[in-house]
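Presented below is the structure to which this report refers.
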Amino acid sequence: MTGNPHIPFVAACAYPPRAGNAVRPLVDGVPAFRRIAEAVSAAQHSVWLTVAFFAPDFQMPDGGGPLFDVLDRAAERGLDIRVLFWRPNAESIGYGRTFPGSPEDRKMLEARGSRFRIRWDRAYGAYCQHQKSWLIDAGQASETAFVGGMNLTAKAMGSPGHAAEGERHDVYVEVRGPSATDVQHNFVQRWNEASERGQADGTWGHDGNDELGFPARPSAPRGESTVQIQRTVHPGLYRDSHPSPDSNAYDIAGGERSILTQYLQAIGAARRTIYIENQAIPVPEVASALETALRRGVEVVLLVPADPENDVRAARRNTQRKPLFDGLAALGRHENFALAGIASLDACGRRSNIYVHSKIMLVDDAWATIGSCNLHAYSLSGNAEMNAAIWDPQVVRALRCELLAEHLGQDTAGIDDRSALRLYREIAGGNRRRRDANDGDWQGLAFSLDPDAYGG
């Protein structure tokens, strides 16, 4: 690697930082899945994906149809189509809708005549196989990866600027170049050791002996961004430590927590600003790092669901979870911190809260992470997660401007990152006062939340 970025790479990681990537953040469901659909339509060799949550109501935009229609059409073109679906354990059932390969699921596939290949894969205990990735043309010159947090459900298709299209906010990232090969390596590692591959109902479209070869060389450079693919993997899930090209073997049997390491390193290195969007409030370890950054003058904005999930409300009532909320309250005591939600305006002039499902962090207009990993204990320690960490000021600054234009209703391209987050705090505070006065005439979508009361 060349240069000396002030936000360090992660050393204890299966994949190295790689220069030469073309990176394209994709904000919200319709734009993201429109681009994925384009890539699938243009695929020449293969389409591989990892799926956590799935519902039959999912439809690709622009009349692209349900997931299985998309995959069947691609298979009919002679492409190699493979899907890794999460099969929940009894203790993990209830998180959301999945495609576990039940007898009903298999009857549906048989009735369709689906010929693409599936393997089902369990996580450890109550954890989740939470990776959400698409890989187009693995190992070919056109290799393209998509990494993010969007599920294959109708809710994922929300577009926060248009309440009628849904009420969910999320982010994906497209990666072309050497780091896309690490997404390929992750898929091969999981496919070859998928937990159910030897079970009678653990595969579809093949007999369970259809192993994949690990990539032999990284994709050619396609752009200017440095990217490191990072993961959470529970110990014992996989054992083959075959290295990704041009990297060292990693003892995957011992697990991987490079996403948590990167979060802590990036927060610790921040000089000016930290902007976070996450479905969860930070675990105490991350909250403590954020408070240290606030003390040294870093501007911090944390965007979360204005209406938290029921497990957050249950945790608020659980005295054993008090440190989680104490950490959030400590952040709220700093003037340079804002906790915010977003709400759209419907045709009747009413505000409706938008569910923040994204899992991203931007630091100093220089570095970003985008992926599937929430800031709660499961994602940071036991779920299977994947994020792309990006070192490219041009990409990160453009993403900051795009997100803030959506949330603040104002172009921040003409101001620096510190001024932009101060503006975020100001506009969100003003919108909160309007909300409390039942005035729906806001600027943008963002409004302040009370860190002391969140989840109550």
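The values are calculated or read from the model by the stated rules, or taken from the named source; none is laboratory data. Computed from a predicted model, the values in this text were never measured in an experiment. All Cβ positions, glycine included, derive from the backbone under ideal geometry; neighbour counts span all protein chains shown.
Within the range 404-427, which residues are closer than 11 Å to G444 by Cβ and either touching a residue at least 60 places away in the same chain (Cβ under 8 Å) or among the hydrophobic types (A, V, I, L, M, F, W, C) (or both)?
L404, A405, E406, H407, L408, L423, Y424, I427
Would you please name the residue that is surrounded by the most Cβ atoms within 10 Å (Cβ to Cβ), looking only at residues in the range 255-284 that are free of Cβ contacts under 8 Å to residues at least 40 places away in the same chain and part of a helix (DSSP H, G or I)?
Looking at the filtered set, the residue picked out is L264.
Take the range 288-315 and flag every residue that is without any contact (Cβ under 8 Å) to a residue 60 or more places away in the chain and either under 18 Å from R432 (Cα atoms) or polar (S, T, N, Q) (or both).
Correct list: S288, T292, L302, P305, D307, N310.
Can you name the strands (runs of 3 or more DSSP E) wholly within the range 316-402 that have at least 3 residues being in contact (Cβ under 8 Å) with a residue 40 or more places away in the chain and within 18 Å of the chain's Cα centre (by Cα)?
In the range 316-402, 351-356, 360-363, 367-371, 385-391 are the strands (runs of 3 or more DSSP E) which contain 3 or more residues that are in contact (Cβ under 8 Å) with a residue 40 or more places away in the chain and within 18 Å of the chain's Cα centre (by Cα).
Residues checked against (1) under 25 Å from L303 (Cα atoms); (2) buried (at least 22 other Cβ atoms within 10 Å of the Cβ); (3) out of contact with any Phe, Trp or Tyr (no Cβ under 7 Å at 6 or more places or on another chain):
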| residue | (1), (2), (3) |
| --- | --- |
| F146 | yes, yes, no |
| Q189 | no, yes, no |
| N192 | no, no, yes |
| G202 | no, no, no |
| S219 | no, yes, yes |
| G223 | no, no, yes |
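Just need a number here: residues in the range 66-108 that are acidic (D, E) and on the phi > 0 side of the Ramachandran plot.
Within the range 66-108, residues that are acidic (D, E) and on the phi > 0 side of the Ramachandran plot number 0.
Considering L328, L290, which residue is closer than 26 Å to W391 by Cα and either surrounded by 21 or more Cβ atoms within 10 Å (Cβ to Cβ) or at pLDDT below 95 (or both)?
Checking each option against the conditions leaves just L290.
Anything in the range 59-85 that is closer than 21 Å to W204 by Cα and either within 21 Å of the chain's Cα centre (by Cα) or at pLDDT below 95 (or both)? List them, or say none.
L67, R82, V83, L84, F85
If you go through the range 109-144 one residue at a time, how many are of a type in the set (G, A, S), surrounded by fewer than 18 Cβ atoms within 10 Å (Cβ to Cβ) and more than 23 Å from Q44 (Cβ to Cβ)?
Here the count works out to 4.
Is there a residue being touching a Lys or Arg at 6+ places or on another chain (Cβ under 6 Å) and of a type in the set (F, W, Y) anywhere in the range 110-131?
yes
For the range 331-352, what are the residues that are at pLDDT below 95 and surrounded by fewer than 19 Cβ atoms within 10 Å (Cβ to Cβ)?
L345, D346, A347, C348, G349, R350, S352
Identify all residues within the range 349-391 that are in contact with a Leu (Cβ under 8 Å, 6 or more places away or on another chain) and among the basic types (K, R); write none if there are none.
If the condition is that a residue be in contact with a Leu (Cβ under 8 Å, 6 or more places away or on another chain) and among the basic types (K, R), then R351, K359 are the ones that fit.
Identify all residues within the range 295-305 that are surrounded by fewer than 21 Cβ atoms within 10 Å (Cβ to Cβ) and in a loop (DSSP other than H, G, I, E, B); write none if there are none.
Residues satisfying the conditions are R296, G297.
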